[in-house]
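**Student:** Let me begin by handing over the structure; questions about it come next.
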Amino acid sequence: MSRNKNLFQTLLVTYLLSFVCIGAAFMLQYQANRSVKSCSYLDPLVVDIWATVFAIFLILEGFVDIFSHKSYPLRSQLTKAIRVSLGFAILTMHIMQFIHK
């Protein structure tokens, strides 16, 4: 039972942090897109593609790590939750930049 409680708490915090990071990244990139006619700030398209690949890696690897250590308490899993959240933020920003190009 404690194992399920720990996993539930970790996933809940991960989802909440991810939601906040996605929202912050969206607002930041939305403002940037409004002020610049063409994004990714002079970076070639390949930068957005690689950043998207690495963001997906962070998300998947973070979730695999969380599920591999289901019984660990939230305190031990917090850095993994942050890793997933940052991956979602990076993914959001680069998808928006790709769409804006």
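**Student:** Here are labelled values, (i) 16, 52, 31, 1; (ii) 11, 27, 29, 22, 9, 2, 0; (iii) 17, 40, 25, 14, 4, 0, and one is the computed P(r) over Cα pairs in 10 Å bins from 0, in percent for what I pasted. Which one?
**Tutor:** Looking at P(r) over Cα pairs in 10 Å bins from 0, in percent for this model, the match is (iii).
**Student:** If each DSSP helix of 4+ residues adds -39,500 (n - 2.57) and the sum is divided by the residues in the chain, what number results at 222 nm, nearest 500 deg cm²/dmol? Don't skip to the end; give the middle numbers.
**Tutor:** Values: 3 runs with 85 residues, N = 101.
Rounded to the nearest 500, it is -30000 deg cm²/dmol.
**Student:** Describe numerically, in nm with one decimal, the distance between label points set 7 Å from Cα along Cα→Cβ at Trp50 and at Gln9.
**Tutor:** Here the modelled spin labels are 4.0 nm apart.
**Student:** Sticking with this structure for a sec: With Cβ to Cβ distances under 15 Å as the rule, what net charge do the other residues near Leu60 carry (K, R +1; D, E -1)?
**Tutor:** On the way: positive: Lys80, Arg83; negative: Glu61, Asp65.
Net of charged neighbours comes to 0.
**Student:** Assuming R0 = 22 Å, what is the FRET efficiency of Ser76 and Ala24, from their Cβ-Cβ distance, to the nearest 0.05?
**Tutor:** About 0.30, to the nearest 0.05.
**Student:** If you don't mind, there's one more thing I want to ask. Over region 2-100, what is the relative contact order in whole percent, taking alpha-carbon pairs under 8 Å and six or more residues apart? Walk me through the intermediate numbers first.
**Tutor:** Values: 116 pairs, mean separation 51.9, N = 99.
Contact order relative to length: 52 percent.
Rule-based calculations on the coordinates, nothing more; no lab input. Source: prediction; values computed, not measured. Here the Cβ is made from the backbone with ideal geometry for all residues, glycine too, and neighbour counts use every protein chain on show.
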